[in-house]
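Visitor: What follows is a single structure, and I will ask about it in a moment.
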Amino acid sequence: MDFIYADRSPVTLGTAGAAYASLASGTALSALGNPAQVALAKHTLDAAGIFNLVPAGDSRSMAYGGGASVKLGKFGLSLAYLGGRYPEIQLSSEGGGASGRFSPNDMTVGIGLSCAIGDFLSLGALGRFASSALDAKTTLKSLSSDVSVLFRKDALSVSAGVIALGPKVESVSNRKYVLPSSARLAGAYELGFGDFCVDILADADYYFNRNISAAAGVQGSYKDMVFLRTGYRYSTARDFFATAPVPSYFSAGAGVKLFGAKLDFAAAFASVTGCTLALSLGYSF
């Protein structure tokens, strides 16, 4: 179930996912990110649809979906869906002969709630359902939840959360595996230079399977209309775990917003997987 950590939004992927504490990166997919953002968000409504091309061996897979968040006074509500479809595989019968082809796929659905306490603090929680269809007869399923807190004072934002808490997932061989849960700490600082703004972003995860991940990113904007983004995430594996839920990667992206409509693009480059391309179209007010 490591795909529940995959960052599919080009707005946040462009900064290597370092925008967990940021209120300047949009909240359309907060139901699968940081739900505490919504109650302190700058916009009443933020919605976006996304499409990704993701490396998958010698070919590419697709990821798609979207989300929306709405701010209702001191409360926030967010919904999001992400799906992925991978290259076809050849199925075999019990006798070893070919029995058709199948496209493995996964999906994640999230709902998030948040509440502002005063003008500077918000609390958030989300519920997540994920499934992974490995072949025509085998689908793994999981339920998990996140909790988060976000503090915002002037140009500084700080957030902390616990990600993907849930019961073990049972495999087709009846073995049970823990979810890739983690504790996360993140910060964001906004610098203004007239019509220009620069957001400095950072976060770090400690996975409970003893992996570690940390990222730093920058988003520059002009009149809240044109955006440039870049970031780098470092990830490591510990002990008997061969890979971390999120690989090390470098990313860059850009976006444009006009009359509330937004178009964003990002590319992420990981040595172990290759280049992921992400595109989104959204609207906020």
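Visitor: Once Lys and Arg get +1 and Asp and Glu get -1 on their Cβ, which of LEU134, VAL198, PRO247 lies farthest toward the positive end of the dipole of the chain?
Guide: The listed residue farthest towards the positive side: LEU134.
Visitor: Using the crude model of +1 on Lys and Arg Cβ and -1 on Asp and Glu Cβ, and no other charge, please compute the dipole size for the chain relative to its Cα centre, in debye to 20.
Guide: Its charge dipole is roughly 300 debye.
Visitor: Select from MET62, LEU79, GLN219 the residue farthest towards the positive end of the dipole of the chain; place +1 on Cβ of Lys and Arg, -1 on Cβ of Asp and Glu, and compute about the Cα centre.
Guide: Looking along the dipole axis, the top candidate is LEU79.
Visitor: List the lysines whose alpha-carbon lies under 16 Å from that of LYS71, not counting same-chain residues fewer than 8 positions away?
Guide: Partners within reach: LYS42.
Visitor: Helix-derived [θ] at 222 nm for the chain: sum -39500 (n - 2.57) over DSSP H runs of at least 4, divide by residue count, nearest 500?
Guide: After summing the helix terms and dividing by residue count, I get 0 deg cm²/dmol.
Visitor: Let me ask something else. Pick from VAL218, VAL11, VAL272: which is most flexible by mean-square fluctuation in a GNM of the chain where alpha carbon atoms under 10 Å apart are linked?
Guide: Taking springs between Cα atoms under 10 Å, the residue moving most is VAL272.
Visitor: Which one, LYS262, LYS176, LYS137, has the greatest fluctuation when you compute a Gaussian network model over the chain with C-alpha springs under 10 angstrom?
Guide: Of LYS262, LYS176, LYS137, the Gaussian network model singles out LYS137 as fluctuating most.
Visitor: So, in nm, how far is label GLN90 from label VAL149 when the simple model puts each one 7 Å beyond its Cα toward the Cβ?
Guide: According to this spin-label approximation, the distance is 5.6 nm.
Visitor: Does a label point 7 Å from the Cα of TYR81, set along Cα-to-beta-carbon, have any residues of the stretch 43-59 with amide nitrogen under 15 Å, and which are they?
Guide: Within reach of a label on TYR81: 48-51.
Visitor: Quick check for you: which residues of the stretch 145-171 have the amide N under 16 Å from the point 7 Å beyond the Cα of LYS74 toward its beta carbon?
Guide: From the stretch 145-171, the list is 150-152.
Visitor: Using a Gaussian network for the chain with springs between C-alpha atoms less than 10 Å apart, which of these wobbles most: LEU13, LEU91, LEU32?
Guide: LEU91
Visitor: Also, I was wondering about something else. If you take every residue apart from ALA130 with its C-beta less than 10 Å away from the C-beta of ALA130, what net charge results, scoring Lys and Arg +1 and Asp and Glu -1?
Guide: Numbers: positive: ARG128, LYS141; negative: ASP106.
Net of charged neighbours comes to +1.
Where a number appears in this text, it was derived from the coordinates with a stated rule and is not lab data. As the structure is a computational prediction, the values presented were derived from the model and not from experiment. Quick reminder, even Gly has a Cβ in these numbers, built from the backbone with ideal geometry, and neighbours come from all protein chains shown.
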